[in-house]
1. Residues that are out of contact with any Gly (no Cβ under 6 Å at 6 or more places or on another chain), over 26 Å from residue 12 (Cα atoms) and open to solvent by 60 Å² or more (accessible area, probe 1.4 Å): does region 81-96 have at least one?
2. Name the residue that is farthest from the chain's Cα centre (by Cα), counting only residues in region 61-80 that are surrounded by 12 or more Cβ atoms within 10 Å (Cβ to Cβ) and aliphatic (A, V, I, L, M).
3. Just give me the residues in region 1-60 being in contact with an Asp or Glu (Cβ under 7 Å, 6 or more places away or on another chain), open to solvent by 80 Å² or more (accessible area, probe 1.4 Å) and more than 14 Å from residue 98 (Cα to Cα), in sequence order.
4. Can you name the residue in region 109-119 that is open to solvent by less than 50 Å² (accessible area, probe 1.4 Å) and under 12 Å from the mean Cα position of the chain (by Cα) and is also farthest from residue 39 (Cα to Cα) among such residues?
5. Regarding residue 100, is this residue farther than 17 Å from residue 6 by Cβ, at pLDDT below 95 and either surrounded by fewer than 16 Cβ atoms within 10 Å (Cβ to Cβ) or among the acidic types (Asp, Glu) (or both)?
6. Which numbered condition in (1) touching a residue at least 60 places away in the same chain (Cβ under 8 Å); (2) more than 20 Å from residue 7 (Cβ to Cβ); (3) outside any loop (DSSP other than H, G, I, E, B) is the only one that residue 30 fails?
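The values are calculated or read from the model by the stated rules, or taken from the named source; none is laboratory data. Everything numeric here is computed off the predicted structure, so don't read it as measured data. For neighbour counting, all protein chains shown are included, and Cβ atoms are generated from backbone atoms with ideal geometry for every residue, glycine included. Ligands, DNA and RNA are excluded from the accessible area calculation, which covers all protein heavy atoms including side chains. Shrake-Rupley method; radii C 1.70, N 1.55, O 1.52, S 1.80 Å.
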Amino acid sequence: QVQLVESGGGLVQAGGSLRLSCVAPGRTFSDYAMGWFRQAPGKEREFVAAITRSGGNTYCTDSVKGRFSISRDNAKNTVYLQMNSLKPEDTAVYYCAARPTTGLVIAAAMYDLWGQGTQVTVSS
């Protein structure tokens with residue numbers, strides 16, 4: 001079974017950048033659509049970005065469009081979330097998720113696999 005491991009979180013000042021990585025060891029990574037979600041304290045988990053298994057199609061939620069981008073390297077079994085112009089409201093635990101399908105997956109309930117999360121804290 002494919003496991004997911006996120007990394008790259010940390011503390012950054014507002015306006016700064018971070019790149020999150022999610023590694024999915026295993027030879028079936030290219031069969032999986034991937035997504036990033038986040039959960040702030042006291043709030044529900046929310047969708048951030050998704051990418052198809054080929055990497056040919058991506059989608060980001062409105063609140064991060066123009067600042068965040070999702071990409072993947074199937075040769076490295078890795079999906080990335082590049083986060084620029086970070087704001088304090090981006091502070092959350094960020095999770096990657098995977099589902100073996102061809103399209104984009106937006107709903108959290110549709111994902112089969114989840115990582116343990118990585119903390120992102122943006123100071124003002």
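1. No, every residue in region 81-96 fails to be out of contact with any Gly (no Cβ under 6 Å at 6 or more places or on another chain), over 26 Å from residue 12 (Cα atoms) and open to solvent by 60 Å² or more (accessible area, probe 1.4 Å).
2. 64
3. Scanning region 1-60 gives no hits.
4. 115
5. yes
6. Only one criterion is unmet by residue 30, namely (1).
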